[in-house]
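Structure first, then comments.
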Amino acid sequence: MDQIIAALVGGFLAAGTGWFLQNRIEVSRLKRLKQLLIVGISDDLKSSIELYDRVIDEWEKSQIVWFTTLNELRESRQTYLKNRDWMVLINDEGLRQKLFKYYHRSADHINLLENQQRRKYDIQSKLNDVIRDLKIRNNQLTQEQALEQAVRLMHAEDQELFGINNFIPSGIQRMRDFKGEAKELLDAFSKGTDV
């Protein structure tokens, strides 16, 4: 009987030890995963900050939103995009929610800014086609006269272009705001207190 009790107690101790070790290994794995996640997100944010500066600088120099820079900005978010499910490892709920909102709103804004710049190109291309057609039909027209007639023919597009030309500068200002948000998030992650 003593042997049976000893075997049962030994079995419970072995099972408890095995469970405890497995639990410690899992806790250690999750801690390491969280550390790597924070490093990756921090790298994403640092890269985004630099790219926001480049978008702003390019706009100030050329009055154009460059698609290549916007694509780089999208690509700089890979850690977040590939590991969204793991964001729950961030303990601070407020920080986690700010991170989700930042990535969601900034991605929407990047897409909107790109669409507006693309639409501007489309309207300008159509305007050039109309000017060319008008000048072919009447070779007496000067460039300015053809432009005036084309603008009258494209009244709706002219109004849309006016709106786009007002939106894009405010969109660039919004990029400055997202840069500030990225810096705040980066600061929160670098402090690391209860992240």
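Structure data summary
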| quantity | calculated |
| --- | --- |
| Failed item in (1) under 15 Å from residue 181 (Cα atoms); (2) polar (S, T, N, Q); (3) surrounded by 13 or more Cβ atoms within 10 Å (Cβ to Cβ), with residue 69 passing the rest | (1) |
| Answer from 110, 64, 4, 25 - the residue that is modelled with pLDDT of 90 or more and more than 29 Å from residue 187 (Cβ to Cβ) | 64 |
| Test: residue in region 127-139 that is open to solvent by 80 Å² or more (accessible area, probe 1.4 Å) and under 24 Å from residue 42 (Cα atoms) | no |
| Selection within region 75-111 - without any contact (Cβ under 8 Å) to a residue 60 or more places away in the chain, surrounded by fewer than 17 Cβ atoms within 10 Å (Cβ to Cβ) and basic (Lys, Arg) | 82, 84, 96, 101 |
| Residue 141 vs. criteria more than 26 Å from residue 118 (Cβ to Cβ), at pLDDT below 90 and of a type in the set (A, V, I, L, M) | yes |
| Counted residues, region 40-63 - those being touching a helix residue (DSSP H, G or I) at 6+ places or on another chain (Cβ under 9 Å) and loosely packed, with under 13 Cβ neighbours inside 10 Å | 2 |
| From the options 146, 182, 156, 188, residue that is open to solvent by less than 60 Å² (accessible area, probe 1.4 Å), of a type outside the set (S, T, N, Q) and without any contact (Cβ under 8 Å) to a residue 40 or more places away in the chain | 146 |
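The values are calculated or read from the model by the stated rules, or taken from the named source; none is laboratory data. Just so it is clear, the structure is predicted and the values come from calculations on it, not from any experiment. Methodologically, a virtual Cβ is constructed for each residue, glycine included, from the backbone with ideal geometry; neighbour enumeration extends over all protein chains shown. Just so you know, the surface numbers come from the protein's heavy atoms only, side chains and all, with ligands and any DNA or RNA stripped out. Shrake-Rupley method; radii C 1.70, N 1.55, O 1.52, S 1.80 Å.
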